[in-house]
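S.K.: The structure that follows is given in the form of structure tokens.
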Amino acid sequence: MSPILAGVLQLTALVAALALAYRPLGDHMAAMYSSRKHLRVEKVIYRCIGADPDAQMRWPAYLRGVLAFSLAGVLFLYLLQRLQGSLPLSLGFASISPDQAFNTAASFVANTNWQSYSGEQAMGHVVQTAGLAVQNFVSAATGMAVAIALVRGFARTRTGDLGNFWADLVRGTVRILMPIAVVGALVLVACGAIQNFSGIHEVGQFLGGSQQTNGGAVASQEVIKELGTNGGGYFNANSAHPFENPNGFTNLFEVFLILVIPFALTRTFGRLVGNVRQGYAILATMGVIWLGFTALMMWTEFAHGGPALQAAGAAMEGKENRFGIGGSSIFSVATTLTSTGAVDGFHDSFTAFGGGIQLLGMMLGEIAPGGVGSGLYGMLVMAVIAVFLAGLMVGRTPEYLGKKLGTREIKLAACYILVTPTLVLGFTAVSMALPDALGSMLNTKALGAGSHGFSEVLYAFTSGANNNGSAFGGLNANTPWYNTTIGLAMLLGRFLPMVFVLALAGSLAEQQPVPETAGTLRTEKPLFAGLLVGTILIITGLTYFPALALGPIAEGLS
């Protein structure tokens with residue numbers, strides 16, 4: 001079987017699996033977030049945290065819950081790392097330095113999972129399980145809660161109520177993420193992923209010699225790292241490590257875990273607003289962008305001009321033979337079009353244009369299908385912008401899902417789409433002007449190092465501000481400058497957009513629905529899906545094209 005055909009078959013199987021899971025999972029999530037009943041274990045959790053799950057919150061109260069919970073998570077995870085040297089099961093690892101502990105705490109609470117350390121050489125079992133794995137669950141549940149709050153803003157009228165953050169957080173964790181994670185972990189263990197608390201030991205190598213490695217609760221963390229679109233690996237090689245991703249089946253299964261909730265949330269959206277065709281329109285937009293990027297990445301990486309690439313069969317440098325070009329391309333696009341950041345190959349070794357596709361996927365805002373929760377609310381904000389542009393073209397006050405989009409709503413949507421580019425381009429520009437920051441580029445003597453080095457820095461801040469977490473490995477980011485600035489980019493890139501999303505949700509929930517007329521834009525039609533795709537690509541292109549021209553485009557044309 002040719003590698004190209006193998007890649008196409010993998011993609012076909014993935015689409016089929018996602019299609020089978022779409023309706024039942026989407027309906028299940030809609031039922032869970034609209035249920036009035038509380039499970040016994042949930043009632044225990046509410047009593048422990050002192051929350052009333054039936055109390056309705058307006059957007060400022062909902063936002064305070066999100067920020068307070070996230071701040072507590074940052075402080076707890078920071079202290080856990082700083083005290084690691086005194087904890088049991090630390091495997092002899094020392095406590096983490098202050099700047100790296102801050103960076104890691106910000107990273108995992110912000111659902112970014114950027115790692116400026118090697119997991120098997122820095123983190124003991126307690127930090128990995130009680131710290132990092134816990135944040136993999138609750139940071140994902142926080143993103144889902146904010147998305148559901150925005151959906152309620154469209155669905156509710158003249159109340160201003162967005163539900164209860166604590167109830168949404170607990171239900172997302174207990175009823176959705178944990179059951180799927182348990183089943184997924186069993187699948188990974190059955191396929192060869194490890195799950196233990198063993199210490200450091202010597203293992204032999206095929207070509208002689210030995211190396212040190214340690215075990216860990218890898219399968220359980222691997223499944224929630226993908227399912228919650230987190231991305232932080234137990235090992236430095238991430239999902240290219242055989243303990244995390246043993247074979248081609250687990251590789252495709254992990255891609256399925258990355259995509260299944262973000263895609264299924266569009267069904268949840270349609271059910272909660274009372275019109276499933278609205279969800280299909282958002283799904284179509286996400287699907288077109290995802291399939292288009294995947295096809296483009298596979299074409300780029302399978303192209304093999306030159307004798308070296310022809311001998312290898314394609315651009316195989318930095319990729320796993322177990323997965324091949326097709327599997328690596330599918331994984332790469334899935335992880336950069338979502339806020340996952342997991343890798344099964346070396347992104348720094350993709351072709352110049354392949355690296356540009358990865359960058360562009362994150363620059364879209366990771367909305368196709370995007371992160372767990374963040375992809376849906378990001379796409380809905382872009383839908384608001386698209387409806388506004390359509391209104392300008394026809395001279396009509398924009399409306400979406402029966403809600404008028406006035407000055408306040410458009411300003412909030414505009415602020416949302418401006419936050420991330422400001423962080424990415426601002427921090428990149430400053431870094432390129434500082435000698436110490438430039439000194440972190442490890443391959444400055446390589447061909448095209450000027451443009452590629454710029455791409456590495458641009459990739460780092462794009463990944464951080466968009467809560468992705470993957471990296472071009474040629475940049476040494478474990479320095480006080482990058483640990484601090486990327487940490488700030490992760491926190492601001494995660495929580496500032498949430499402020500505008502919740503404020504938008506509150507504004508919409510206070511409105512009275514507008515009756516549909518003959519002039520109302522039909523947002524469930526293919527025409528609107530096409531308009532939304534065009535809006536996303538044009539806004540992203542106008543914002544980032546100069547930076548892309550200096551980085552991957554210049555490198556690819558050199």
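The values are calculated or read from the model by the stated rules, or taken from the named source; none is laboratory data. Note that the structure is predicted; figures quoted are calculated from it, not measured. Cβ: placed from backbone, ideal geometry, glycine included. Neighbour counts: every protein chain shown. Protein only, heavy atoms only, side chains kept; ligands, DNA and RNA dropped before computing areas. Shrake-Rupley method; radii C 1.70, N 1.55, O 1.52, S 1.80 Å.
S.K.: Inside segment 39-55, can you point out the residues that are surrounded by fewer than 16 Cβ atoms within 10 Å (Cβ to Cβ), in contact (Cβ under 8 Å) with a residue 12 or more places away in the chain and not small (Gly, Ala, Ser)?
M.R.: Keep residues of segment 39-55 that are surrounded by fewer than 16 Cβ atoms within 10 Å (Cβ to Cβ), which gives 39-41, 43-44, 47-50, 52, 54-55.
From what's left, in contact (Cβ under 8 Å) with a residue 12 or more places away in the chain: 39, 41, 49, 52, 54-55.
Hits for segment 39-55 are LEU39, VAL41, ILE49, ASP52, ASP54.
S.K.: Another question about this same structure. List every residue pair whose Cβ atoms lie under 6 Å apart, where the two residues are 6 or more positions apart in sequence or sit on different chains, the first residue falls within segment 436-451 and is outside any loop (DSSP other than H, G, I, E, B) and of a type outside the set (Ser, Thr, Tyr), and the second residue, located anywhere, is open to solvent by less than 50 Å² (accessible area, probe 1.4 Å) and at pLDDT below 80.
M.R.: Correct list of pairs: ALA449/ASN443.
Each row is one residue, and each column tells you yes or no for (1) in contact with a Leu (Cβ under 6 Å, 6 or more places away or on another chain); (2) of a type outside the set (Ser, Thr, Tyr).
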| position | (1), (2) |
| --- | --- |
| GLY92 | no, yes |
| SER97 | no, no |
| GLN100 | no, yes |
| ASN103 | no, yes |
| PHE108 | yes, yes |
| TRP114 | no, yes |
| PHE137 | yes, yes |
| THR157 | no, no |
| LEU186 | no, yes |
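S.K.: Just to be sure, is LEU296 under 13 Å from LEU188 (Cα atoms), part of a helix (DSSP H, G or I), in contact (Cβ under 8 Å) with a residue 40 or more places away in the chain and open to solvent by 10 Å² or more (accessible area, probe 1.4 Å)?
M.R.: No.
S.K.: Which of the helices (runs of 4 or more DSSP H) contained wholly in segment 30-147 include at least 2 residues that are over 25 Å from the mean Cα position of the chain (by Cα)? Please lay out each step first, then the result.
M.R.: On the way: elements: 40-49, 59-82, 98-109.
Counting at least 2 such residues, we get 40-49, 59-82.
S.K.: From the residues in segment 208-231 that are outside any helix (DSSP H, G or I) and modelled with pLDDT of 90 or more, which one is surrounded by the most Cβ atoms within 10 Å (Cβ to Cβ)?
M.R.: The first filter runs over segment 208-231 and keeps only residues outside any helix (DSSP H, G or I), leaving 208-217, 228-231.
In the following step, the residues that additionally are modelled with pLDDT of 90 or more were identified as 217, 228-231.
Details: ALA217: 17, GLY228: 32, THR229: 36, ASN230: 31, GLY231: 31.
Among residues in segment 208-231 that are outside any helix (DSSP H, G or I) and modelled with pLDDT of 90 or more, the one surrounded by the most Cβ atoms within 10 Å (Cβ to Cβ) is THR229.
S.K.: I'm trying to understand the selection: among the residues of segment 403-427, which are among the polar types (S, T, N, Q) and surrounded by fewer than 17 Cβ atoms within 10 Å (Cβ to Cβ)?
M.R.: To start, the set of residues in segment 403-427 that are among the polar types (S, T, N, Q) comprises 407, 420, 422.
The answer is THR407, THR422.
S.K.: Additional query: From the set of residues in segment 247-276 that are open to solvent by 10 Å² or more (accessible area, probe 1.4 Å), assigned to a helix (DSSP H, G or I) and touching a Lys or Arg at 6+ places or on another chain (Cβ under 9 Å), which is farthest from MET29 (Cα to Cα)?
M.R.: Filtering segment 247-276 for residues that are open to solvent by 10 Å² or more (accessible area, probe 1.4 Å), assigned to a helix (DSSP H, G or I) and touching a Lys or Arg at 6+ places or on another chain (Cβ under 9 Å), the one farthest from MET29 (Cα to Cα) comes out as GLY248.
S.K.: While we're looking at this one, here's another question. Being of a type outside the set (Gly, Ala, Ser), in contact with a Gly (Cβ under 7 Å, 6 or more places away or on another chain) and open to solvent by 40 Å² or more (accessible area, probe 1.4 Å) is the requirement here; does PRO552 meet it? Walk me through how you get there before you give the answer.
M.R.: Numbers: of a type outside the set (Gly, Ala, Ser): yes; in contact with a Gly (Cβ under 7 Å, 6 or more places away or on another chain): yes; open to solvent by 40 Å² or more (accessible area, probe 1.4 Å): no.
No.
S.K.: Of the residues that make up segment 277-287, is at least one of a type in the set (Lys, Arg) and either surrounded by fewer than 19 Cβ atoms within 10 Å (Cβ to Cβ) or on the phi > 0 side of the Ramachandran plot (or both)? Spell out the reasoning first.
M.R.: Step one: of segment 277-287, the residues of a type in the set (Lys, Arg) are 277.
If we keep only those that are either surrounded by fewer than 19 Cβ atoms within 10 Å (Cβ to Cβ) or on the phi > 0 side of the Ramachandran plot (or both) too, we end up with 277.
Checked segment 277-287: at least one residue is of a type in the set (Lys, Arg) and either surrounded by fewer than 19 Cβ atoms within 10 Å (Cβ to Cβ) or on the phi > 0 side of the Ramachandran plot (or both).
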